[in-house]
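Structure first, commentary second.
Just so it is clear, none of the values below were taken in a lab; they were calculated from the coordinates. Since the model is a prediction, treat every value here as computed from it, not as a measurement. Quick reminder, even Gly has a Cβ in these numbers, built from the backbone with ideal geometry, and neighbours come from all protein chains shown.
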Amino acid sequence: MKDGRFVDLHVHSAFSDGVLSPSELVALAAQVGLHAIALTDHDTVEGIDDALAAAAVHGVEVVPGVELSVAHNGQEVHLLGYFIQHHHPPLREALQRFHAARFFRAEKIVAQLNRAGVPLAMEDVLAVAGDRPIGRPHVAQALRQKGFVQTFEEAFDRYLKRGAAAHVSKERWPPRLAIDVIHAAGGLAVVAHPLYSIALSALEGLVAQGIDGIEVIHPLHSEEEREDLKAFALRHRLYCTGGSDYHGPGRSPHELGAVRAPLKWLERMRR
Ligand code: AMP
Ligand code: FE
Ligand code: FE
Ligand code: ZN
């Protein structure tokens, strides 16, 4: 029996580096006919209460989530946490530590920009980021607003991408800690866009550390890669998830609802 309902389990709000507020995302999800979305902001759960409140109004289910950056064999891998108790104190404390690390990293990025002859100030970055976890997108926007670059993309190309003059690595979670924190908060740990970060063969190491699932459907995965990932999930008894990694209009190559996963995948995880 085919259920025609769909979910998007990878969505970013303005509480991290997305454009829309949690309630705007939920309203948009209702409009495009999604049954559920998971709010998976980078390093923060601050948007979840707003999303849950909007969910009740719009008749869209919201799964509390988060996206954490971990270091696996020297490579950055993103982990998604699903069904987390987002007020769980140990989770909050761990997020707070990484939040602080992002602040210090932003200071380093600004210092490197200054050294490269770009007089951006930390205040300019903070004017954009507010009290959100600071990411390169906020620096990119500050560079554009101050007229040091013409476009957001130019900021990454000239200064912020890996190998560029003001690139500074982000502090990353040890995988074990991230998985434990997600589990302790009652959640499931899922590797985001695995093929974007690591080879299938390197996934085994993460599975051994207690991963519960992998993101099979993602805009960066081809149809063939999705089939490979599905087979991998089946072999290792992992949950399959999927989402669009939507960051908002003009910040994502596709609209919300264009990349989606079957509702039954979410139902399996719920059990
Ligand atoms: P951060 O976590 O601070 O390293 O920033 C990572 C975020 O920057 C990603 O989630 C993307 O939203 C964005 N990003 C990374 N590379 C680029 C790029 N080349 N162009 C535009 N946005 C990018
Ligand atoms: Fe992002
Ligand atoms: Fe990611
Ligand atoms: Zn993401």
Practice task
Calculate one ³J(HN,Hα) per residue across segment 174-191 by plugging θ = phi - 60° into the Karplus curve 6.51 cos²θ - 1.76 cosθ + 1.60, and present them in order as whole Hz with x for glycine and proline.
Solution key: x, x, 4, 5, 4, 5, 5, 5, 5, 5, 4, 8, x, x, 10, 9, 10, 6
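Assign unit charges at the C-beta atoms only (+1 for Lys and Arg, -1 for Asp and Glu), then state the dipole size of the chain relative to its Cα centre in Debye, rounded to the nearest 20.
Around 400 debye, computed over the chain.
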Problem - Antiparallel DSSP beta bridges within the chain, as percent of all bridges there, nearest 5 - result: 45 percent
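Provide the FRET efficiency to the nearest 0.05 for the Arg5-Lys161 pair, computing r from the beta carbons and using R0 = 41 Å.
On the way: r = 38 Å, r/R0 = 0.93.
So the FRET efficiency works out to roughly 0.60.
Translational diffusion coefficient of the chain at 4 °C, 1.567 mPa s, Stokes-Einstein with Kirkwood Rh over Cα pairs, in µm²/s as a whole number.
Using the Kirkwood radius from Cα pairs, D works out to 68 µm²/s.
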Problem - Cβ crowding within 10 Å averaged over residues, with 223-231, 148-156, 208-216 ranked highest first - result: 208-216, 148-156, 223-231
Practice task
Report the relative contact order of the chain, percent, no decimals, based on alpha-carbon pairs under 8 angstrom and at least 6 residues apart.
Solution key: 24 percent
Problem - Distance from segment 55-111 to segment 184-255 (C-alpha centre basis), Å - result: 17 Å
Completion exercise
For segment 164-231, the dipole about the Cα centre with charges only on Cβ (Lys and Arg +1, Asp and Glu -1), to the nearest 20 debye, works out at 320 debye
Problem - Selection from Leu234, Gly74, Ala129 lying farthest towards where the dipole of the chain points positive, charges on Cβ - result: Gly74
Fill in the blank from the handout: Sorted largest first, the C-alpha extents of segment 1-114 along its principal axes in whole angstrom are 53, 30, 28
Problem - Spin-label model distance (nm) - Gln209 vs Thr151, 7 Å beyond Cα toward Cβ - result: 3.6 nm
Handout entry: Convex hull per residue volume in Å³, alpha carbons only, for segment 168-271
Key = 132 Å³
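Per residue, how big is the convex hull around the C-alpha atoms of segment 15-69? Give it to me in cubic angstrom, could you?
Per-residue hull volume (Cα only) is 65 Å³.
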Problem - Cα-based helix-to-principal-axis angle, 223-235 vs the chain, degrees rounded to 10 - result: 60 degrees
Problem - All lysines inside 28 Å of Lys161 as judged from Cα atoms, apart from same-chain residues fewer than 8 positions distant - result: Lys108, Lys146, Lys170
Handout entry: Between helix 22-31 and the chain: long-axis angle, C-alpha atoms, 0 to 90°, nearest 10
Key = 50 degrees
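Could you give the size of the charge dipole of segment 86-141 about its Cα centre, using +1 on the Cβ of each K and R and -1 on the Cβ of each D and E, expressed in debye and rounded to the nearest 20?
Dipole size: approximately 240 debye.
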Handout entry: Nearest-ten-degree value, helix 136-145 long axis tilted from longest Cα axis of the chain
Key = 50 degrees
